[in-house]
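Q: The structure under discussion is supplied below as structure tokens; questions concerning it will follow.
The values are calculated or read from the model by the stated rules, or taken from the named source; none is laboratory data. Bear in mind the structure is a predicted one, so any value in this text is a computation, not a measurement. No Cβ is skipped: glycine too gets one built from the backbone with ideal geometry, and neighbour counts run over all protein chains shown. Areas reflect the complete protein model, heavy atoms only, side chains present, ligands, DNA and RNA absent. Shrake-Rupley method; radii C 1.70, N 1.55, O 1.52, S 1.80 Å.
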Amino acid sequence: MRNGSMATYVIMALPLLLLVGFLVYPVLGVLIMGLVVGPGSSFQEVMSSQVTHATLWFTFLQAAASTILAVILGLPGAFLLARLEFKGKQAVRAAVILPFILPPIVVVVGFLRMFGSYGFVDSVAMALTGATESVVNFAAGVPGIVLAHAFYNIPLVILLVSAALERLDPDIEDTAELLGASSIQKLRRIVLPHVMPSLLSAAILTFLFCFMSFPIVLALGQGRYMTLEVLIYYAFSSFDFGMTSSIAVIQILILMTLAIAYAAAMRSDKRDAGQTSFMKTISPAELSGPQLLGGILYALLIGVIVVGPMIAVIDSAVFDPVTGQYTLKGFLHLLEVEGGLLPLANSLFYATLATLFSVAMGIPLAYSLRSRSGLLSNSTSVMILLPLGISSITIAYGLLRLIAVPTGWAANPWPLIIIAQTLIGVPFTARAIENSLRSIDPSLLEQADSLGASRLHKLFFVELPLLAPGILVGAAFAFAMAIGEMSATLFLKREQNVTLAVAIYENLGVRKFVEAGAASLLLLVVCFIAFLVIQRASESAFKGAI
Amino acid sequence: MVRIVLSGLAREFADGTHIGPIDLTLEDGELLALLGPSGSGKTTTLRMVAGFITPNHGTLTFDDANILDVPPRDRGIGLVLQSVALFPHMSVYQNIAFGLEVSGWSREKTINRVEALSDLLGIRNLLFRRTREISGGEAQRVALARALAKEPQLLLLDEPLSSLDPQLRETLQFEIRKIQRELGVTTLYVTHSQSEAFAISDRVAVLDNGVVSQVGTPEDLYNHPKNMFVARFIGGGNILAGEVVKSTGSEILVRVNGWNFQMSGTSQRGSHVVFSVKPEDIKIGSGKRPDAPTVQVVSIIPLGGMHKVTLQFGDFKVTSIIQDEDLVRTLKENESSGIWFAFEPGSASLLRTD
């Protein structure tokens with residue numbers, strides 16, 4: 001904002017103060033409190049404990065394995081999406097963001113039906129081997145965890161790397177070719193160095209997400225496998241606050257390092273944009289036989305890992321694996337007050353409010369990011385990066401001990417659930433709106449100025465309408481994140497605060513699979529609608545830009 | 001170095017656009033400019049020669065040897081583009097050395113070659129800079145050095161100077177010309193700027209709508225355009241049309257808007273002809289002349305030392321370049337009437353009317 005009056009600074013600083021009050025203070029406070037007064041294990045005890053070592057080791061290993069798998073399976077997709085011209089490419093490109101906004105617990109349900117015992121893959125394997133008992137179960141233990149993480153992160157790799165490939169100026173490739181470079185030399189010396197920063201960003205982000213993964217590890221790890229995040233949850237459940245804080249501190253230090261590395265990788269990626277209109281693409285007809293076969297096999301593999309679980313969710317809503325029959329029991333359960341209506345009402349209520357707050361905070365934060373005041377824009381970008389480095393469970397832990405207890409909300413902590421979901425959604429709204437803000441042609445605002453528009457006129461009739469697509473995208477993201485949020489909600493909730501996502505987890509625990517499936521399908525549909533909103537809004541933003 | 005012949009080279013695209021057939025010969029060591037408006041097929045032609053676009057018809061020979069089946073990187077071509085396309089993650093040195101390294105030159109030979117080229121182009125001091133730390137003009141020099149590193153037999157330049165400012169463009173035109181002469185490398189130079197084509201080339205091929213409209217030296221094209229397109233595009237010339245009323249050996253009399261004009265050329269009596277006259281060959285004066293049409297002044301635009309006067313002659317607009325300040329003053333005083341124009345018979349060019 002140009003006229004740096006007091007009022008605008010106050011408006012822009014308010015969300016920052018709220019973030020300090022509800023994120024920085026409780027988290028920092030609870031960590032110190034846990035370390036200093038406990039009660040429970042001391043930091044030294046936690047650091048020397050076998051459980052800590054094993055968990056830390058496993059957290060690293062599964063994150064590394066997931067990252068490697070996502071990169072290996074994502075890279076071919078990135079090249080295909082960038083270079084191959086095929087029917088329905090636009091739809092595929094759009095659909096790539098769908099997995100991001102699916103709730104992890106819904107993905108777990110889909111995975112159990114797709115890869116679990118007697119699931120789709122298992123049925124095929126049983127038919128092939130003629131066995132009557134379950135042959136394979138990829139939805140449990142390490143394979144399940146790593147595959148589910150790949151489900152989330154293959155699309156991430158595809159998205160970031162294909163975008164970088166499309167930015168590669170085709171003139172550069174032609175020039176390299178004319179200078180005598182073979183295909184391999186071109187790939188090694190021109191293309192790979194070009195996509196390396198994006199690949200690095202994608203890999204770091206994948207590692208980071210897998211490192212603090214909670215619902216997937218909790219549900220598929222079956223208690224035998226734990227990440228630090230799960231260990232924090234168990235430590236808190238057994239009232240060992242010393243251990244909770246100690247593990248959280250270790251986790252935060254690692255996550256912060258990764259988040260900073262990610263931010264650095266993103267910065268180095270923002271160079272040398274080529275003309276994308278002139279992208280070098282080929283049609284499937286130009287592929288050789290083996291190349292075509294490879295492409296088809298790849299598409300099948302991705303179909304099984306990424307599309308399969310989403311379709312399996314639909315089946316799991318009506319198929320009861322306990323009785324082995326199709327049934328509407330799951331949907332009837334959704335119509336009961338305790339089983340479905342209350343969690344649904346809770347989910348909608350929390351998610352709607354969290355979305356409104358995220359947008360309300362996201363708009364001023366987006367302006368702060370663009371602010372010419374270095375202090376403001378820097379502190380905002382740090383604040384927006386914080387949720388990448390502080391896990392949901394840690395946030396919930398801080399809110400519960402330092403906000404709920406003094407305010408007396410502990411008996412019915414619904415405001416905390418909304419606060420936690422808002423904190424998780426804010427980075428998305430702020431970034432989406434900032435993205436829109438960046439694409440507004442400054443000369444439009446100068447036009448408005450020169451036509452005599454007042455500051456408010458300009459804001460309401462020029463800027464906000466131009467920002468609308470960004471706000472809508474941010475809101476849809478925030479809503480999908482909030483309604484699918486399970487970690488913080490599970491941590492904070494009391495009996496009456498159960499949301500659909502938590503209900504799914506609890507139903508899975510008592511082997512009410514079809515009930516969990518029906519609720520998962522409902523969440524899937526809600527998130528799909530959010531996805532369509534994002535698609536439409538960003539398409540209109542895209543068209544508006546031309 | 002090499003003599004290039006394009007004959008009947010043509011390419012259709014999926015969207016229905018069509019380039020060619022193109023017939024063109026680049027003599028050994030010649031710099032030929034491919035000139036035309038955007039969309040006329042200049043870049044497509046260049047990319048067919050480079051091998052990035054495969055033609056549907058026609059032949060392309062380098063020294064009488066068919067080259068169409070040879071992949072781009074084995075054609076011995078150096079390429080410089082408007083976008084420069086320097087490898088962003090490499091230094092200037094690495095850019096110039098790239099072609100040498102991928103074809104397995106020894107380190108010592110590579111260094112010597114890069115140093116020699118950077119001396120030739122005056123970029124020795126830039127060798128260890130990053131590509132984003134050099135200016136537009138320097139980047140073009142680096143791109144040229146990179147293209148020349150492997151001693152190509154053919155140099156292709158696609159609008160290499162279009163994104164530079166006019167002064168720098170002139171300097172680099174001169175340098176490219178000088179280096180091209182020194183090395184004697186056959187060169188195809190694509191540009192949409194007539195002045196650039198004229199300044200730099202031995203011959204110019206004017207492209208219109210995917211085919212070569214006329215090829216010739218700059219003087220040739222300027223003084224004797226063969227058709228309306230070339231006359232308009234090259235000379236900004238006046239194009240008039242009329243009926244031949246008298247034909248005597250090497251001269252004809254053409255009636256335009258009820259006025260007769262004498263000009264050299266042959267055509268049958270009664271036929272319709274189109275001809276062009278360069279603005280500097282149009283003479284104008286105030287008052288009335290019985291043998292010249294009276295016209296009205298549409299505009300007078302100062303061009304620094306000269307004035308461009310546009311006249312309305314029936315349906316035709318006629319422009320004239322004049323230097324006489326007194327005449328300009330007179331024209332401004334009685335703009336509406338009493339102006340005549342005329343030209344010498346020898347200064348009109350009859351145009352093909354296909």
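Q: Where does helix B:107-121 land angle-wise versus the long Cα axis of chain B, in degrees 0 to 90, nearest 10?
A: Compared with the principal axis, the helix lies near 20 degrees.
Q: Next question, about the same structure. To the nearest whole percent, what portion of all C-alpha pairs in the range A:1-59 is separated by more than 17 angstrom?
A: 64 percent
Q: If I ignore ligands, DNA and RNA and count only protein heavy atoms, how much of B:D119 is accessible to a 1.4 Å probe, in Å² to the nearest 10?
A: 90 Å²
Q: Mind jotting down the three principal axis lengths of the range B:8-63 based on Cα atoms? Whole angstrom, largest first.
A: 36, 24, 18 Å, listed from the longest principal axis down.
Q: Mind checking the full-extension length gain between A:R438 and A:S238? Use 0.36 nm per residue of separation minus the Cα-Cα distance, one decimal, nm. Numbers along the way, then the final one.
A: On the way: separation 200, 0.36 × 200 = 72.00 nm, distance 4.77 nm.
Computed gain between A:R438 and A:S238 is 67.2 nm.
Q: Oh, and also: What distance in nm separates the two pseudo spin-label positions at B:S103 and B:H57, each 7 Å out from Cα along the beta-carbon direction?
A: The modelled label-to-label distance comes out at 3.4 nm.
Q: Given the options B:V254, B:V80, B:V230, state which has the largest fluctuation in a GNM of chain B using a 10 Å cut-off (strictly under) for Cα springs.
A: Among B:V254, B:V80, B:V230, the largest GNM mean-square fluctuation belongs to B:V254.
Q: Could you work out, residue by residue across A:168-176, how many beta carbons of other chains sit within 10 Å of that residue's beta carbon, and then give the average as an integer?
A: Average per residue, whole number: 6.
Q: What FRET efficiency do you get for B:F174 and A:F528 if R0 is 51 Å and r is their Cβ-Cβ distance, rounded to the nearest 0.05?
A: The pair B:F174/A:F528 has a calculated efficiency of 0.20.
Q: Further question: Among A:M33, A:M12, what's the order by accessible area (1.4 angstrom probe), most exposed first?
A: A:M33, A:M12
Q: Between B:Q153, B:Q268, B:Q194, where does the largest GNM mean-square fluctuation fall for chain B, given springs only between Cα atoms within less than 10 Å?
A: Judging by the Gaussian network model, the answer is B:Q268.
Q: While we're looking at this one, here's another question. What does the accessible area of B:Y93 come to, in Å² to the nearest 10, when a probe of 1.4 Å is used?
A: About 30 Å², ignoring ligands and nucleic acids.
Q: Calculate, in nm to one decimal, what A:R370 and A:Q447 gain on full extension: separation in residues at 0.36 nm each, minus their alpha carbon distance.
A: Gain in length upon complete extension: 25.7 nm.
Q: Another question, if that's okay. At 25 °C and 0.890 mPa s, what whole-number value in µm²/s does Stokes-Einstein give for the translational diffusion of the protein assembly as shown, with Rh from the Kirkwood sum over Cα pairs?
A: 74 µm²/s
Q: Can you pick out the pairs among B:K288/B:K317; B:K42/B:K109; B:K226/B:K332 whose Cα atoms lie more than 28 Å from each other?
A: Check vs 28 Å cut-off fails for B:K42/B:K109; B:K226/B:K332.
Q: Under a point spin-label approximation (7 Å from Cα along Cα-to-Cβ), what is the A:Y25-B:S299 distance to one decimal in nm?
A: Between A:Y25 and B:S299, the simple spin-label model gives 6.9 nm.
Q: Need one value for A:178-190: mean number of C-beta atoms belonging to other chains within 10 Å of its residues' C-beta atoms.
A: Details: counts 18, 20, 12, 6, 4, 0, 0, 5, 2, 0, 1, 7, 5.
Mean inter-chain Cβ contacts per residue within 10 Å come to 6.
Q: What accessible area, in Å² to the nearest ten, does a 1.4 Å probe give for A:E286?
A: Surface accessible to solvent at A:E286 totals approximately 120 Å².
Q: For chain A: lysine pairs with Cα atoms under 20 Å, gap of 8 or more or different chains, count?
A: 5
Q: Give the residues of the range B:279-312 whose amide nitrogen is closer than 19 Å to a point set 7 Å from the Cα of B:D326 in the direction of its Cβ.
A: B:283-289, B:305-307
Q: Hey, got the average number of other protein chain Cβ atoms within 10 angstrom for residues in B:81-92? Working shown, then result.
A: Values: counts 5, 1, 8, 4, 9, 5, 10, 9, 9, 3, 0, 0.
Mean shielding count: 5.
Q: Under 13 Å from the 7 Å Cα→Cβ point of B:S7, by amide nitrogen: which residues of the range B:30-51?
A: none
Q: Where the eigenvalues come from the Cα gyration tensor of the range A:470-518, what are the semi-axes √(5λ) of the equivalent ellipsoid, largest first, in whole Å? Could you put the intermediate results ahead of the total?
A: Working: eigenvalues 122, 37, 10 Å².
The equivalent ellipsoid of the range A:470-518 has semi-axes of 25, 14, 7 Å.
Q: Something else now. Taking 0.36 nm per residue of separation and subtracting the Cα-Cα distance, what length does fully extending A:A94 through A:R267 add?
A: 59.8 nm
Q: Can you work out the FRET efficiency for the pair A:I260 and A:S183, with r the C-beta to C-beta distance and R0 = 35 Å, to the nearest 0.05?
A: The formula returns an efficiency of 0.45 here.
Q: State, to one decimal in nm, how far the label point of A:V304 lies from the label point of A:V322, with both points 7 Å from Cα in the Cβ direction.
A: 3.1 nm
Q: Which FRET efficiency value, to the nearest 0.05, is calculated for B:H18 and A:V136 with the Förster distance at 60 angstrom and r the Cβ-Cβ distance?
A: FRET efficiency, B:H18 to A:V136: 0.55.
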